[in-house]
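Before any comments, here is the structure.
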Amino acid sequence: MANEKKEIPVMEGLWTTPSSAGEEPQLVGSKCLSCGEVFFPKKPKAWCVHCQGTNLEDIELSRRGKISSFTVAMQPAGAFYKGPVPYAYGCVDLPEGVRVETLFTGCDFDELEVDMDVELVIEKLAEDDEGNEVITYKFKPIRK
Amino acid sequence: MKSINEMREVVIAGVGITKWGFYEGMEWYDFGSEAILKALEDAEMEWKDIQAMFHGSCYAGLGSGHQCAKEVGLTGIPIVNVENACSSGSSALRLAYQEVAAEIYDVVLAVGSEKTQRGAIPSKAFRPWELKLGFNLQPANYANDTVVYMKETGATAEDFSRVTVKNRKNAVLNPNARFQKPVTLEEVMNSRMIAKPLHLLHCCPLADGSAAAIVCSRDKLKRKGKAITVAATTLCSAVYGEQYIPADIRKSLKFPPEQGLVELSAKQAYEISGYGPEHMDVVQAYDTMTPSELWDIEALGFCKRGEAPRLLREGVFDINGRIPVNTDGGLMGRGHPMGATALGQIYEIVLQLRGEAGPRQVEGVKIGLAHSMGAGPNSSVTILKT
């Protein structure tokens, strides 16, 4: 009898899990209450690497942003990456004033452009050795 | 920081290098000890003259320099092993320089050597979850920065393909370079895509190899001929807010810095030496991916942001141009044994200053600059003069 496959996030705490229907997941960052800097992912310690302040709070980030850079990698960096190849990744600027590094999905990679509007999705990255589905955040172009 | 005139003068006593390439069955200590022996011969010194040693390497591991010394002689000297990514070699030179400038020792050896690791290396600059997301493919990280550079400056893939063509042409004149054949613009543009817009021939090839430099006070110099003075050696790490995707650092949108780490390390070197970019007769820029040579030349102050592609087309960076860049083939032509690379750049500047660079000699060289960068990030500038 096969065990039921589990969904395992690539790391805990990167995004929120909706508690009710109609809610969408959001990336979770940290905001420094002294200088206003925003970080993603959230800082593990109450310590701002910009101003060295110690008062940080969690902040849920907007689901939509703009691509600031991208590439399409034709080969993986190593066996620690188990997702599909080629794969596209780059940076997305969110309205809270934070740049997030992310995989891209939901398009022909040739369509990707700087300044393109994109939105957050939670998707499969790969299967782990036990057959579980490793899931991650990604951004996909918004269809007009 | 003290300027060059406020400390004891440090000169290059001798330099050595091995031919860079892939060598089955040889280890870093084989290359390292060979470079040391060549530097001793060049310096007309004996091993017992060396009072301290710094060894740069990224992957050789525990006691890496001690293993090189084991092949040369055991004299009880302090040996410190330096891992500073691709600036390991120049960081070793900087430490050697400081020992002599501070008058702690008179004769100190800096050596960098690498046996290149085969296969994928999980970079320590990325967290485990980022490795799983595939964020540590360095050509792809540089590709991200290249996309920004292209959009900002109008540079094209043809522009950075010309960097490859220039550097591979120079490498043909360097018997120690890994690559001894030139490539055409078409060959570069048609090479396999690695990470859009970077093709294989935009990415520097790895290599095994070593380079060494002995520094000393002027009164200890034995070698006849032109003495080369270390005019500045600087080392900087990341400045807050600057984007450096190869080291997993993204730009701060709220707090971008006034100057980046390359500008900072260059500015400090110009202040310490009393020279500016306009005085440099020969330059070793950091061409780990060919677009980076272009933005590196700009960040070092040789021209404004976005001007390097045009100057390259006009031949300004050729061996017979106004600002010759990477006369020995650079990382693209010479290859990249990570811990040795920065000392290889310094080796080339020394040859150029002495007038010993053979068919790639630039005329009338009096002062030169070498720049290396590494994951961390770090940025290291060395200025040498006759």
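Details
- Between B:VAL107 and B:GLN51, the built amide H atoms are under 5 Å apart, and every one of these is 5 or more places off in sequence or on another chain.
- A compact globular protein would have a Cα radius of gyration near 2.2 N^0.38 Å; the ratio found for the range A:63-144 is 1.11.
- Across the range A:41-58, rounded Karplus estimates of 3J(HN,Hα) from the backbone phi angles (6.51 cos²θ - 1.76 cosθ + 1.60, θ = phi - 60°) give x, 5, 6, x, 10, 6, 8, 8, 7, 8, 10, 6, x, 10, 10, 10, 10, 5 Hz, Gly and Pro being marked x.
- Annotation: amide H of B:ALA13 within the under-5 Å range of B:ILE214, B:VAL215, B:CYS216, sequence separation 5 or more or interchain, hydrogens built in the peptide plane.
- For the range A:63-144, share of DSSP beta bridges that run antiparallel, in % to the nearest 5: 95
- Sum of side-chain charges, B:THR327 neighbourhood, beta-carbon under 14 Å (Lys, Arg +1; Asp, Glu -1): -1
- Take each residue in B:136-143, count the other chain C-beta atoms within 10 Å of its C-beta, and the mean is 6.
- Other residues whose C-beta falls under 12 angstrom from the C-beta of A:LEU33 contribute a net charge of -2, scoring Lys and Arg +1 and Asp and Glu -1.
- In summary, the lysines within cross-link reach of A:LYS42, defined as a Cα separation below 28 angstrom excluding same-chain residues under 8 places away, comprise A:LYS6, A:LYS31, A:LYS66, A:LYS82, A:LYS124, A:LYS138, A:LYS140, B:LYS124, B:LYS132, B:LYS251, B:LYS254.
- Per-residue shielding of B:244-251, expressed as the average number of other chain Cβ atoms within 10 Å of the residue Cβ, stands at 3.
- Take each residue of peptide B:366-379, count the partner chain Cβ atoms within 10 Å of its Cβ, and average: the result is 0.
- Partners for B:LYS267 among aspartates and glutamates (Cα-Cα distance below 15 Å; same-chain residues under 8 apart left out): B:GLU258, B:GLU278, B:ASP296, B:GLU298
- Backbone HN-Hα couplings from phi across the range B:226-238 [Karplus 6.51/-1.76/1.60, Hz, Gly and Pro as x]: 4, 8, 10, 9, 7, 8, 5, 9, 10, 8, 10, 10, 4
- Among the trypsin sites (Lys or Arg not before Pro) found in the range B:143-200, those both in a DSSP coil and sparsely packed, with 10 or fewer other Cβ atoms within 10 Å of their Cβ, are B:ARG192.
- Take B:351-364, B:259-272, B:297-310 and order them by the average number of nearby Cβ atoms within 10 Å per residue, most first; the result is B:259-272, B:297-310, B:351-364.
- DSSP bridge orientation in chain B - percent antiparallel, rounded to nearest 5: 70
All of the numbers you see were taken from the coordinates with simple rules; none came from a lab. What you are looking at is a predicted structure, and each value in this text was computed from that prediction instead of being measured. Cβ atoms come from the backbone with ideal geometry, glycine included; neighbour counts cover every protein chain shown.
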